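Below: the structure, in structure tokens.
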Amino acid sequence: MPATLEQGLAPAASRHSYRVALGFDFGQVRIGVAIGEGVTGSARPLGTLSNRPRGPDWDAIGQLLATWQPEILVVGVPRHADDSANKMTEAALRFSRQLHGRFRLPVATIDERLSSWEAGQQMQASATKRRRTKISLDAGAAAIILESWFNQQRSPGECAMSNS
């Protein structure tokens, strides 16, 4: 699934080079967060935020935005292997709409299938002996989501961005 700017979430733009982006791996309990730099297309995990029964920790997200001042937010949207929606698909899309509504920044979504698996593989291959926790896995998945989005931005014809 190509990366998209969710309908009505951002001004129309064909290709825009974003210098700083925040990536989110949305989950029912935790939301992994990563910071990325558009020139290099690289991202690094920042940590996780709680996603409580009453919703995400919007104050913590606001603090991250104030600290890092991203130009765009990127949310991973999970889907089944056949591209059909699953129970988390609409929740992640709702989160992306809420991000835009609260903070008035462009929000892009990208298919995040296998990002957590890939983050786990990278952690296992890592030479460091850091503690492998679900928290670092979620933040690692957010970094993979963001790097995937940067890569699609660089690939002509693969990234569809719209606000129609």
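The values are calculated or read from the model by the stated rules, or taken from the named source; none is laboratory data. No experiment lies behind these values; they were computed from the predicted model shown. When we count neighbours, we look across all protein chains shown, and the Cβ atoms used for this are built from the backbone with ideal geometry, even at glycine.
Looking only at segment 82-90, decide whether some residue is closer than 19 Å to Gln152 by Cβ and not in a helix (DSSP H, G or I). Talk me through it step by step, then tell me what you get.
Within segment 82-90, the subset closer than 19 Å to Gln152 by Cβ is 83, 89.
Within this subset, residues satisfying the condition of being not in a helix (DSSP H, G or I) are 83.
Yes: segment 82-90 contains one or more residues that are closer than 19 Å to Gln152 by Cβ and not in a helix (DSSP H, G or I).
Is segment 57-71 home to any residue that is surrounded by fewer than 20 Cβ atoms within 10 Å (Cβ to Cβ), assigned to a strand (DSSP E or B) and in contact with a Ser or Thr (Cβ under 9 Å, 6 or more places away or on another chain)?
no
Return the only residue of Arg104, Arg79, Arg132 being over 16 Å from Phe26 (Cβ atoms) and either aromatic (Phe, Trp, Tyr) or modelled with pLDDT under 90 (or both).
Selected residue: Arg132, the only one of Arg104, Arg79, Arg132 that is over 16 Å from Phe26 (Cβ atoms) and either aromatic (Phe, Trp, Tyr) or modelled with pLDDT under 90 (or both).
Residue by residue through segment 17-38, note down the ones that are under 13 Å from Val107 (Cα atoms) and modelled with pLDDT of 95 or more.
Val20, Ala21, Leu22, Gly23, Phe24
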